[in-house]
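Enquirer: Below is the structure I would like to discuss, written out as structure tokens.
The values are calculated or read from the model by the stated rules, or taken from the named source; none is laboratory data. Computed from a predicted model, the values in this text were never measured in an experiment. Neighbour counts are summed over all protein chains in view; Cβ atoms, including those assigned to glycine, are modelled from backbone coordinates with ideal geometry.
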Amino acid sequence: MPVGVAVDVHGDGQGADVAGLRLDVEREGRGRAAETLQTFARDPAHLGGDLGLTAVLHTWGQTLTQHIHLHCIVTGGALAAAGSRWIPAKPGFLFPVRALARVFRAKYLEALARAATAGKLALPDVLAAPGAFHVWLTSLRQQDWVVYAKPPFAGPEQVLQYLGRYTHRVALSNERLVDLQNGVVRFRWKDYSDGDRVKVMALAAEEFIQRVLLHIVPERFVRIRHFGVLANRARQAKLARCRHLLGQPVPPPSPTAESVPALLLRLTGIDIERCQVCG
């Protein structure tokens, strides 16, 4: 299936760090991003069908501060209603990013307001005062939010490279660590506001640990979600229909998962199910 753009969805900075609010980020953030993209996709002025979308949640910036954002990879077209045809996107263009940002901002802040009304937010004191939360939401509506779209991918290999970079990335890789001396941790970071220059930041060990812990998600929390024609509940049938419409071959069946004993026997020649003493 043709692949489309990679879309990064951010808050405005103030909106990204939600001041201690407890919110179902997985549902509201990715859900509203997917809803925004599908709204544009289903509009006949753009495509007129359902996209395929994979969204990856990240919570960090280069200096390990909280920076909640989504990396989304989107199909380069849509499946029409009832699977009647495949609708390709215009070459080099999917949706207008400024319009995407405005619609996402409206949907996300509306979700925040509903969550507050339903008592699902633990508001900090500064927002718990009467009217304070409404004033805060109003200020967020008046600020620009950011959707950054990259050009379409060249093919499946590039898709795999992109997903490989983002799906299981952690907040800080080992190679960025410089040293630990006298209770101070030093690590490399890239300053995007200074021509992507690589710099070294020094943090007290306690502050460094605190920043790292910001990005440890709860057990069973799912960072990666699929929507539209890639959604789990209908993916097999819809992808088969897309392949048919695009004249693509059926992929080979997935190999049967190899058991741990069989894997070790193949790699080491040791049969862990056989006693090494009595055979």
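Enquirer: Determine, yes or no, whether Lys150 is surrounded by 14 or more Cβ atoms within 10 Å (Cβ to Cβ), within 28 Å of Val56 (Cα to Cα), touching a residue at least 40 places away in the same chain (Cβ under 8 Å) and not aliphatic (A, V, I, L, M).
Expert: no
Enquirer: Something else about it: Those residues that are within 30 Å of the chain's Cα centre (by Cα) and among the aliphatic types (A, V, I, L, M), I need them from segment 242-276; list them, please.
Expert: Within segment 242-276, Leu245, Leu246, Val250, Ala257 meet the criteria.
Enquirer: Another question about this same structure. Take the conditions buried (at least 18 other Cβ atoms within 10 Å of the Cβ) and either of a type in the set (D, E, K, R) or under 24 Å from Asn232 (Cα atoms) (or both) and apply them to Ala78. Does it pass? Even if it seems obvious, please write down each step before you answer.
Expert: Working: buried (at least 18 other Cβ atoms within 10 Å of the Cβ): yes; either of a type in the set (D, E, K, R) or under 24 Å from Asn232 (Cα atoms) (or both): yes.
Considered against the rule, which asks whether it is buried (at least 18 other Cβ atoms within 10 Å of the Cβ) and either of a type in the set (D, E, K, R) or under 24 Å from Asn232 (Cα atoms) (or both), Ala78 comes out as yes.
Enquirer: Continuing with this model, one more query. Checking Phe104 against (1) surrounded by 20 or more Cβ atoms within 10 Å (Cβ to Cβ); (2) touching a residue at least 60 places away in the same chain (Cβ under 8 Å); (3) in contact with a Gly (Cβ under 9 Å, 6 or more places away or on another chain), only one condition comes out false. Which one?
Expert: Unmet for Phe104, out of (1) surrounded by 20 or more Cβ atoms within 10 Å (Cβ to Cβ); (2) touching a residue at least 60 places away in the same chain (Cβ under 8 Å); (3) in contact with a Gly (Cβ under 9 Å, 6 or more places away or on another chain): (3).
Enquirer: For the structure I just gave you, tell me whether Pro156 is assigned by TED's automatic domain parsing to the domain that holds Pro91 and over 30 Å from Pro96 (Cα atoms). Step through it out loud before you land on a result.
Expert: Details: assigned by TED's automatic domain parsing to the domain that holds Pro91: yes; over 30 Å from Pro96 (Cα atoms): no.
Here the answer is no, as Pro156 does not meet what is asked.
Enquirer: Of all the strands (runs of 3 or more DSSP E) wholly in segment 165-279, which have at least 1 residues that are modelled with pLDDT of 85 or more and outside the structural domain of Gly52 (by TED's automatic domain parsing)?
Expert: Once the strands (runs of 3 or more DSSP E) in segment 165-279 are filtered for at least 1 residues that are modelled with pLDDT of 85 or more and outside the structural domain of Gly52 (by TED's automatic domain parsing), what remains is 177-181, 184-191, 197-204.
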